[in-house]
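To start, the structure under review is shown below, and the notes come after it.
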Amino acid sequence: MERALSIDEVDQVYLPLARLIQLHIEAAGELHHRTSTFLRTPGERVPFMIGLAGSVSVGKSTTARVLQALLRRGGLEVALVPTDGFLLPNAELERRGLLRRKGFPNSYDQRRLLDFVHALKSGAERVNCPVYSHQSYDVLAGEELVIERPDVVILEGLNVLQTGTGRERVFVSDYFDFSVYVDADEDDLRRWYVDRFLRLRETAFQDARSYFHRYASLSDSEARATALGFWNDINLPNLLENILDTRERADLILEKGSDHQVRRVRVRKT
């Protein structure tokens, strides 16, 4: 559940961003065509891949959906893939003692995610990816999202710009043609996270099927304390240890103010 965007913000921020991305898509297509002609190789089309990163509660999902809609208006087929589906199932996270580290890099099936983006950028006709349910707080066994040769793929998640520190030589971010980081001050992120938890307590948590139904009956003070506990124990450490350092790797940074509106756009010079 995220804030609805104003028409002015869409016109002043997201429409120009979509146009900038379209310019990159056109340039990539032209380079691909010229290279294929020069090498006399088949010019198979592969998706233009956008990585979209940022903290919990910053508004990544909203940004991704708006970009998807605006790029579709330009006649492009755009697939939106949240990396939540690549989280390890809860049973496996529990077995590894990682359930309270969900969202940290080691809570994902990194190999499956890497194989997924590799298949897309290799021109595979049909690629499947797992689906995550925020209601059950788990990957849905047996359910998959099918991606069939779109023009653009937006891969949205906490750690998509990360490179790692181990022996890995290839990273998901190596496959991106363009990347966006949605940024905000730490105090604002904490406040938005708590506010969202309070709203969900009144809405989604009321559903008895929700993993978080146990929190539906909390008082305001109890719910606020619970949300702050989750933020301080899980989301803030993940932000400081794994997410924030990837910000400067992005091609474009959207900086949000305390009202959740974008106040500044930073573009990496090429």
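A single entry from Val146, Val170, Val160 fulfils the requirement of being under 13 Å from the mean Cα position of the chain (by Cα) and either within 30 Å of Leu76 (Cβ to Cβ) or outside any strand (DSSP E or B) (or both): Val160. Residue pairs whose Cβ atoms lie under 9 Å apart, sitting 6 or more positions apart in sequence or on different chains, and linking a residue in region 133-156 that is without any contact (Cβ under 8 Å) to a residue 12 or more places away in the chain to a partner that is part of a loop (DSSP other than H, G, I, E, B) and not β-branched (Val, Ile, Thr), are Ser133/Tyr211. Figure legend. Inter-residue proximity from region 40-52: first residues touching a residue at least 12 places away in the same chain (Cβ under 8 Å), second residues among the acidic types (Asp, Glu) and crowded, with 24+ Cβ neighbours inside 10 Å, beta-carbon distance below 6 Å, spacing 6+ or different chains. Indicated pairs: Leu52/Glu156. Of all the residues in region 151-177, those that are within 22 Å of Leu20 (Cα to Cα), surrounded by 20 or more Cβ atoms within 10 Å (Cβ to Cβ) and not aliphatic (A, V, I, L, M) number 5.
Have a look at Leu200, Leu252, Leu236 and point out the one that is surrounded by 15 or more Cβ atoms within 10 Å (Cβ to Cβ), in contact (Cβ under 8 Å) with a residue 24 or more places away in the chain and under 28 Å from Val152 (Cβ atoms). Answer to the selection: Leu252. Of Ser6, Ser55, all but one fail to be more than 30 Å from Tyr211 (Cα to Cα) and small (Gly, Ala, Ser); the exception is Ser6. Checking each residue in region 85-98 for being surrounded by 16 or more Cβ atoms within 10 Å (Cβ to Cβ) and out of contact with any Ser or Thr (no Cβ under 7 Å at 6 or more places or on another chain) picks out Gly85, Phe86, Asn90. Could you list all residues from region 58-112 that are among the hydrophobic types (A, V, I, L, M, F, W, C), closer than 20 Å to Tyr181 by Cβ and either in a helix (DSSP H, G or I) or without any contact (Cβ under 8 Å) to a residue 60 or more places away in the chain (or both)? Scanning region 58-112 gives Ala64, Val66, Leu67, Leu70, Leu71, Phe86. How many residues are among the hydrophobic types (A, V, I, L, M, F, W, C), in a loop (DSSP other than H, G, I, E, B) and exposed (fewer than 15 other Cβ atoms within 10 Å of the Cβ) if we restrict to region 1-42? Residues meeting the conditions: 2.
Just one residue in the set Arg190, Arg196 is among the basic types (Lys, Arg), touching a helix residue (DSSP H, G or I) at 6+ places or on another chain (Cβ under 7 Å) and closer than 29 Å to Leu67 by Cα; that residue is Arg190.
Read-outs: derived from the displayed coordinates by stated rules, not from any lab. A quick note: this is a predicted structure, and the numbers were derived from the prediction, not measured. Glycine gets a Cβ as well: all are built from the backbone with ideal geometry, and neighbour counts include every protein chain shown.
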